[in-house]
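The values are calculated or read from the model by the stated rules, or taken from the named source; none is laboratory data. Remember, predicted model here, so these are calculated numbers, not experimental data. Quick reminder, even Gly has a Cβ in these numbers, built from the backbone with ideal geometry, and neighbours come from all protein chains shown. For the accessible areas, the whole protein counts, side chains as well, though only heavy atoms, and no ligand, DNA or RNA atoms are used. Shrake-Rupley method; radii C 1.70, N 1.55, O 1.52, S 1.80 Å.
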Amino acid sequence: MKIVYCIQSAYNSGGMERMLSIKANYMCDKLGHDVYVITTDQKGRKNFYEFSDKIKFIDLSIGYSELDGKSLLKKVFLYRGKRRRHYDELCRVLRELHADVAISMFGREISFLWKISDGSKKVLELHFAKYVRLQRRQNRLGKIVSMFNTWLDEIYVKKYDKFVVLTKEDMADWKKCDNITAIPNPTCLNPSRQAGLESKRVVAVGRLCYQKGFDMLISAWRKVHAELPDWSLDIYGNGEWESRLSKQISDMNLESSIKIHKPSAEIDLVYLDSSVFAFSSRYEGFGLVLVEAMSCGVPVVSFSCKCGPKDIITDGYDGYLVKEEDMDAFAQSLLKLMKDSMLRKSMGQNARCTSMKYELGHIMEIWDSTLKSLI
């Protein structure tokens with residue numbers, strides 16, 4: 001089977017690029033498929049993640065990134081020309097390749113990939129949730145634009161042979177969409193051992209931004225620290241909220257128990273040296289770090305935000321689901337696990353079992369059978 005992935009570029013370190021590398025490598029190296037990646041803005045830059053030498057890259061050199069910093073009028077004028085060229089170049093390449101399946105990762109080609117008549121089946125892959133635009137912090141005009149774009153999404157997704165989302169929760173939000181299916185992200189972590197869950201350490205991982213809700217986690221930790229001052233909270237990540245969160249920690253006099261660390265290249269060792277994983281996001285597309293922590297046998301405490309945690313966690317079995325933005329309840333759930341080592345170990349074992357559903361080989365078998373069913 002010849003498979004083509006369409007994405008803006010592969011030089012970024014984002015979650016979508018990471019998933020592309022994992023899935024494309026598996027499709028190529030393990031399943032023996034012929035895999036191509038078509039980009040619009042690679043411009044010769046090195047890929048951030050490792051890709052198999054068997055995968056062929058084709059850059060269309062459209063240059064959407066050149067619109068950054070331009071005035072609104074210039075953006076509108078230049079965008080139309082770039083979109084036209086994108087369509088023409090993608091048509092040309094797809095007709096030359098004679099692919100069996102062409103997959104859009106919800107990029108700019110979403111509006112026209114479905115109508116390119118090259119013989120391939122068209123698949124749309126969503127790496128966030130339907131209403132993620134409306135959950136972001138934005139002004140009134142931004143909300144109107146987000147509502148319009150979400151309305152357009154509803155039109156486009158129905159044009160594809162298959163529309164793949166990450167969670168059953170998000171799947172339910174796409175009304176009257178009979179081409180939809182849910183396939184979660186896989187985890188590549190397969191630790192040879194489980195966390196001992198004896199360290200007095202809670203861990204959180206993610207970008208330091210509004211979405212990840214670390215401000216709420218820090219507020220909840222003040223109550224935790226008052227009861228268990230010998231425990232620590234370690235947050236791993238970087239982002240635009242780093243100074244804001246550091247100031248919050250200082251203002252609450254929590255510098256002795258909360259530390260912000262740079263992202264770790266050996267995140268499995270971070271999980272294995274922790275006893276509880278805290279997930280404080282305001283919204284998500286999936287929440288792969290939850291599965292990663294659980295694969296190391298670490299129980300989790302998470303807000304029940306859209307979308308992801310409710311698909312992954314069984315409340316009271318492998319972790320706790322807490323009402324969104326209820327910081328007191330979040331603190332109490334952390335304290336339950338922190339005070340009871342037997343409960344931690346029981347939930348940690350269950351978390352490890354839950355994570356097996358997201359093992360790479362299992363998820364890729366679902367992807368393989370889904371694509372084969374189209375051709």
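Condition test on Ser52, is it in contact with a helix residue (DSSP H, G or I) (Cβ under 7 Å, 6 or more places away or on another chain) and polar (S, T, N, Q)?
yes
Would you tally the residues in the stretch 92-119 being buried (at least 18 other Cβ atoms within 10 Å of the Cβ) and in contact with an Asp or Glu (Cβ under 6 Å, 6 or more places away or on another chain)?
So the count comes out to 3.
Could you check the stretch 319-357 and list, in sequence order, the residues that are part of a helix (DSSP H, G or I) and among the acidic types (Asp, Glu)?
The answer is Asp328, and nothing else.
Considering the stretch 120-140 alone, what residues qualify as being part of a helix (DSSP H, G or I), in contact (Cβ under 8 Å) with a residue 12 or more places away in the chain and either over 23 Å from Lys306 (Cα atoms) or open to solvent by 50 Å² or more (accessible area, probe 1.4 Å) (or both)?
Within the stretch 120-140, Leu134, Gln135 meet the criteria.
Within the stretch 30-47, is even one residue in a helix (DSSP H, G or I) and either touching a residue at least 60 places away in the same chain (Cβ under 8 Å) or surrounded by 18 or more Cβ atoms within 10 Å (Cβ to Cβ) (or both)? Give the steps one after another, and end with the answer.
Here is the first cut: in the stretch 30-47, the residues in a helix (DSSP H, G or I) are 30.
The next check asks that each one be either touching a residue at least 60 places away in the same chain (Cβ under 8 Å) or surrounded by 18 or more Cβ atoms within 10 Å (Cβ to Cβ) (or both); those that pass are 30.
Looking through the stretch 30-47, at least one residue is in a helix (DSSP H, G or I) and either touching a residue at least 60 places away in the same chain (Cβ under 8 Å) or surrounded by 18 or more Cβ atoms within 10 Å (Cβ to Cβ) (or both).
Rundown of residues vs (1) at pLDDT 90 or above; (2) hydrophobic (A, V, I, L, M, F, W, C); (3) under 29 Å from Gly348 (Cβ atoms), yes/no style:
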site: Gly119; (1), (2), (3): yes, no, no
site: Lys122; (1), (2), (3): yes, no, no
site: Lys143; (1), (2), (3): no, no, no
site: Lys175; (1), (2), (3): no, no, no
site: Leu189; (1), (2), (3): no, yes, yes
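Need the failing condition index for Lys200 against (1) open to solvent by 30 Å² or more (accessible area, probe 1.4 Å); (2) within 27 Å of Phe128 (Cβ to Cβ); (3) in contact (Cβ under 8 Å) with a residue 12 or more places away in the chain, just the number.
(2)
Quickly run through the stretch 218-254 and pick out the residues that are buried (at least 18 other Cβ atoms within 10 Å of the Cβ), of a type in the set (A, V, I, L, M) and under 20 Å from Asp273 (Cα atoms).
Within the stretch 218-254, Val224, Leu233, Ile235 qualify.
Can you find, within the stretch 255-266, the residue that is surrounded by the fewest Cβ atoms within 10 Å (Cβ to Cβ) among those that are farther than 14 Å from Val202 by Cα and either touching a Leu at 6+ places or on another chain (Cβ under 9 Å) or of a type in the set (Asp, Glu) (or both)?
Glu266
Sort out which residues of the stretch 273-296 are more than 16 Å from the chain's Cα centre (by Cα) and either in a loop (DSSP other than H, G, I, E, B) or surrounded by fewer than 22 Cβ atoms within 10 Å (Cβ to Cβ) (or both), and write them in order of number.
Residues satisfying the conditions are Asp273, Ser274, Ser275, Cys296.
Does the stretch 358-372 contain at least one residue that is within 26 Å of Val132 (Cβ to Cβ), more than 19 Å from the chain's Cα centre (by Cα) and not in a helix (DSSP H, G or I)?
No.
Against the condition at pLDDT 95 or above, of a type outside the set (Val, Ile, Thr) and open to solvent by 10 Å² or more (accessible area, probe 1.4 Å), how does Ser302 come out, does it pass?
On the way: at pLDDT 95 or above: yes; of a type outside the set (Val, Ile, Thr): yes; open to solvent by 10 Å² or more (accessible area, probe 1.4 Å): no.
Here the answer is no, as Ser302 does not meet what is asked.
I need the full set of residues from the stretch 191-204 which are modelled with pLDDT of 95 or more, among the hydroxyl-bearing types (Ser, Thr, Tyr) and closer than 21 Å to Glu359 by Cβ, in order please.
none
Determine, yes or no, whether Val145 is hydrophobic (A, V, I, L, M, F, W, C) and surrounded by 15 or more Cβ atoms within 10 Å (Cβ to Cβ).
no
Restricting the stretch 141-181 to residues that are in a strand (DSSP E or B) and in contact (Cβ under 8 Å) with a residue 40 or more places away in the chain, which is farthest from Glu284 (Cα to Cα)?
Lys162
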